[in-house]
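Enquirer: One structure, as structure tokens, below. Some questions next.
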Amino acid sequence: MRAQIQHSFKHTIQMAGNRTFTMIKPDAVRAGNIGNILQMINAAGFRIVAMKLTKLSAEKAGEFYAVHRERPFYGELVEFMSSGPIVAAILEKDNAVEDFRTLIGATNPANAAPGTIRAKYATSVGENAVHGSDSDENAAIEGAFHFGGVEMF
Ligand code: UDP
Ligand code: MG
């Protein structure tokens, strides 16, 4: 038993830095793009560590985006992110955070590189189809916000 615990702890440490957190946002779920987006994530070489269809309450969406509390778009963002189901997932790959930001493209789809998830599926700077963590530290915090240890594989 002790050996097993030590093994999984070591595994967690070795994987640090190779995980990111994503949400397929309510606009993309409503538009029927869950499958298309997951296909792009798989094709780009990410392994799914954890995943679920869920819905954020306004309170939980406000908490998740608390760093943007003072920004003018915060109210709209919280309303949008709690407007319908999302797919939350933890993804694993070498250089996961940066490579996933490259795969999704710029926040505003008007500036997103061709072929990126946001270029293909986002409709506006607010309703931009997917979330991607911006650092290893935030990836760990955001993953733990949505998933318990027994839901990660
Ligand atoms: N957002 C918005 N208006 C803006 C900037 C951002 O509605 O001018 C929303 C958008 O949904 C974005 C989220 O707030 O994805 C978080 O903003 P951030 O700057 O962190 O962009 P991201 O990291 O998602 O690219
Ligand atoms: Mg961000």
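Enquirer: How much net charge surrounds F73 when only the other residues with a Cβ under 12 Å from the Cβ of F73 are counted, with Lys and Arg +1 and Asp and Glu -1? Don't skip to the answer; put the middle values down first.
Expert: Details: positive: R69, R71; negative: E70, E76, E79, E127.
For residues surrounding F73, the net value is -2.
Enquirer: Work out, step by step, the length gained on full extension between N36 and T102: first 0.36 nm times the residue separation, then minus their alpha carbon distance; give nm to one decimal.
Expert: On the way: separation 66, 0.36 × 66 = 23.76 nm, distance 1.70 nm.
Length difference between fully extended and current span is 22.1 nm.
Enquirer: Can you give the Kirkwood hydrodynamic radius of segment 46-131 from its Cα pairs, in Å with one decimal?
Expert: Details: mean 1/r = 0.0717 Å⁻¹.
Evaluated on segment 46-131, it is 13.9 Å.
Enquirer: Here is a follow-up. On each of the three principal axes of the Cα atoms of the chain, give max minus min coordinate, whole Å, ordered largest first.
Expert: 50, 34, 26
Enquirer: Using only Cα atoms, figure out Rg for segment 104-144 and give it as a multiple of 2.2 N^0.38 Å. Could you put the intermediate results ahead of the total?
Expert: Numbers: Rg = 11.2 Å, N = 41, 2.2 N^0.38 = 9.0 Å.
Compactness ratio reported: 1.24.
Enquirer: List the aspartates and glutamates whose Cα lies under 19 Å from the Cα of K55, skipping any in the same chain that are fewer than 8 positions away.
Expert: D27, E63, E76, E79, E127, E142, E151
FYI, it's all coordinate maths here, none of it is from the lab. Predicted, not measured: the structure shown is a model, and the values here were computed from it. Note that we place each Cβ from the backbone using ideal geometry, even for glycine, and neighbour counts take in every protein chain shown.
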